[in-house]
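> My questions will all concern the structure given below.
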Amino acid sequence: MEPPMEQSGGEQEPGAIRLLDLPWEDVLLPHVLTWVPLRQLLRLQRVSRAFRALVQLHLAGLRRFDAAQVGPQIPRAALARLLRDAEGLQELALAPCHEWLSDEDLVPVLARNPQLRSVALAGCGQLSRRALGALAEGCPRLQRLSLAHCDWVDGLALRGLADRCPALEELDLTACRQLKDEAIVYLAQRRGAGLRSLSLAVNANVGDTAVQELARNCPQLEHLDLTGCLRVGSDGVRTLAEYCPALRSLRVRHCHHVAEPSLSRLRKRGVDIDVEPPLHQALVLLQDMAGFAPFVNLQV
């Protein structure tokens, strides 16, 4: 694309080359603007019409958009301008828009970007099942999705996601308190084979039934967060130890019905667990790993 002609506003030294004189698509876009933070680009486009055209051309070719790069808050009109021409996004993160982001704001962006692989909508409480349906229907390559603290996510919304997202690998459902065991069981049966990371934290409706079904259907599961899932107990953890050989981390803090014996098998495999073992168990594990019994002075 040829840069538009614009009056300089001052004398130009003979032989001097201005920034905008460089080839846009061969030099400025791939080798200059890709290194400029998004917030600075927004300031740059206010310099002149030519710079505005250059920045818009860059935004149209974005592969990754994180609203946090703009600032802690971003107005609705600004987001619409930033994403109006984007049609090749693969990653989209809109957490800073959580106070106002609606279906009307999001659905057109999703429709223009069917190649999306990662979407983060944490805290976006103004959305509805319609937005999630548009995401599942229009973005079949979706691999990572964060819906943390989205209270509107219910069992029916999760079913639609499970039915239409065959590539799903990472899913954050933290504090999605409408979800119950039945919805998680359906997710496990439909998409468990590919799941690698799942958070069900802060949901008192999730219990051993869901965890056991996840264990039996998710052989590649590496990370599972059950923090604050008060109904999860030792039976679920034992099933994880039996059926999830790839498990690398397990979060069970505030799961008061999970006892140490059910965790010990996972600890011996090197699984990272956020609950420290009792002192006696810690000493036994250290002896097994180091080959000696440490001396502990318990005298006061």
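> Out of everything in the range 1-20 that is at pLDDT below 75 and either part of a helix (DSSP H, G or I) or under 18 Å from Ala60 (Cβ atoms) (or both), what residue ends up being least open to solvent (accessible area, probe 1.4 Å)? Outline the logic, then answer.
Kept after step one, since they are at pLDDT below 75, are these residues of the range 1-20: 1-17.
Next, only the ones that are either part of a helix (DSSP H, G or I) or under 18 Å from Ala60 (Cβ atoms) (or both) stay: 1-4.
Details: Met1: 110, Glu2: 153, Pro3: 35, Pro4: 60 Å².
Residue satisfying both the conditions and the ranking: Pro3.
> Say whether the condition of being among the charged types (D, E, K, R), modelled with pLDDT of 95 or more and either at negative phi or open to solvent by 70 Å² or more (accessible area, probe 1.4 Å) (or both) is met by at least one residue in the range 113-126. Step through it out loud before you land on a result.
Initially, the range 113-126 is screened for residues among the charged types (D, E, K, R), giving 117.
From the residues that got through so far, the ones that are modelled with pLDDT of 95 or more too are 117.
Next, from what is left, pick out any that are either at negative phi or open to solvent by 70 Å² or more (accessible area, probe 1.4 Å) (or both): 117.
For the range 113-126, residues among the charged types (D, E, K, R), modelled with pLDDT of 95 or more and either at negative phi or open to solvent by 70 Å² or more (accessible area, probe 1.4 Å) (or both): present.
> Could you tell me which numbered condition Leu156 fails, if it satisfies all but one of (1) open to solvent by less than 50 Å² (accessible area, probe 1.4 Å); (2) closer than 17 Å to Asp103 by Cβ?
(1)
> Can Ala80 be described as open to solvent by 30 Å² or more (accessible area, probe 1.4 Å) and not charged (D, E, K, R)? Quick ask: steps written out before the conclusion?
Values: open to solvent by 30 Å² or more (accessible area, probe 1.4 Å): yes; not charged (D, E, K, R): yes.
Yes: the conditions hold for Ala80.
> If you don't mind, another one. Being part of a helix (DSSP H, G or I) and open to solvent by less than 30 Å² (accessible area, probe 1.4 Å) is the filter here; which residues of the range 237-259 pass it?
Matches in the range 237-259: Val237, Thr239, Leu240, Ala241.
> Checking Asp288 against (1) part of a helix (DSSP H, G or I); (2) more than 21 Å from Glu213 (Cα to Cα); (3) at pLDDT 95 or above, which single condition isn't satisfied?
Result: Asp288 passes all but (3).
> While we're looking at this one, here's another question. I'd like to check something: does the range 238-260 contain any residue that is at pLDDT below 95 and acidic (Asp, Glu)?
yes
> So which residues in the range 28-76 are of a type outside the set (Ser, Thr, Tyr), assigned to a helix (DSSP H, G or I), closer than 24 Å to Gln115 by Cα and open to solvent by 20 Å² or more (accessible area, probe 1.4 Å), if there are any at all?
Those that are of a type outside the set (Ser, Thr, Tyr), assigned to a helix (DSSP H, G or I), closer than 24 Å to Gln115 by Cα and open to solvent by 20 Å² or more (accessible area, probe 1.4 Å): Leu29, Pro30, His31, Trp35, Gln56, Leu57, His58, Ala60, Ala68, Gln69, Arg76.
> Something else now. Going through the range 270-285 one residue at a time, which ones are open to solvent by 40 Å² or more (accessible area, probe 1.4 Å) and modelled with pLDDT of 95 or more?
Gly270, Asp272
> Just checking, how many residues over the range 135-148 are more than 22 Å from Glu222 (Cα to Cα) and buried (at least 19 other Cβ atoms within 10 Å of the Cβ)?
Of the residues in the range 135-148, the ones more than 22 Å from Glu222 (Cα to Cα) are 135-140.
Filter once more, so that each one left must be buried (at least 19 other Cβ atoms within 10 Å of the Cβ): 135-136, 139.
Final tally of qualifying residues: 3.
> Among the residues of the range 83-106, count how many are open to solvent by 30 Å² or more (accessible area, probe 1.4 Å) and in a helix (DSSP H, G or I). Step through it out loud before you land on a result.
The first filter runs over the range 83-106 and keeps only residues open to solvent by 30 Å² or more (accessible area, probe 1.4 Å), leaving 84-85, 87, 90-91, 95, 98-100, 104-105.
After this cut, where a residue has to be in a helix (DSSP H, G or I) as well, the list is 95, 104-105.
Qualifying residue count for the region: 3.
> I would also like to ask the following. Taking the condition in contact with a Gly (Cβ under 8 Å, 6 or more places away or on another chain), under 17 Å from Val271 (Cβ atoms) and either open to solvent by 10 Å² or more (accessible area, probe 1.4 Å) or basic (Lys, Arg) (or both), does Gln178 pass?
Details: in contact with a Gly (Cβ under 8 Å, 6 or more places away or on another chain): yes; under 17 Å from Val271 (Cβ atoms): no; either open to solvent by 10 Å² or more (accessible area, probe 1.4 Å) or basic (Lys, Arg) (or both): yes.
Against the criterion (in contact with a Gly (Cβ under 8 Å, 6 or more places away or on another chain), under 17 Å from Val271 (Cβ atoms) and either open to solvent by 10 Å² or more (accessible area, probe 1.4 Å) or basic (Lys, Arg) (or both)), Gln178 does not qualify.
> If you don't mind, another one. Taking Leu214 as the residue in question, decide whether it is modelled with pLDDT of 95 or more, assigned to a strand (DSSP E or B) and out of contact with any Cys (no Cβ under 7 Å at 6 or more places or on another chain).
On the way: modelled with pLDDT of 95 or more: yes; assigned to a strand (DSSP E or B): no; out of contact with any Cys (no Cβ under 7 Å at 6 or more places or on another chain): yes.
No, not satisfied.
> Please work out if Val185 is within 20 Å of Arg159 (Cβ to Cβ) and open to solvent by less than 10 Å² (accessible area, probe 1.4 Å).
So Val185 does not fit the description; no.
The values are calculated or read from the model by the stated rules, or taken from the named source; none is laboratory data. Every value quoted in this text rests on a predicted model; they were computed, and no experiment measured them. All Cβ positions, even for glycine, are placed from backbone atoms using ideal geometry, and neighbour counts span all protein chains on display. These area figures cover heavy atoms from the full protein model, side chains too; ligands, DNA and RNA do not enter into them. Shrake-Rupley method; radii C 1.70, N 1.55, O 1.52, S 1.80 Å.
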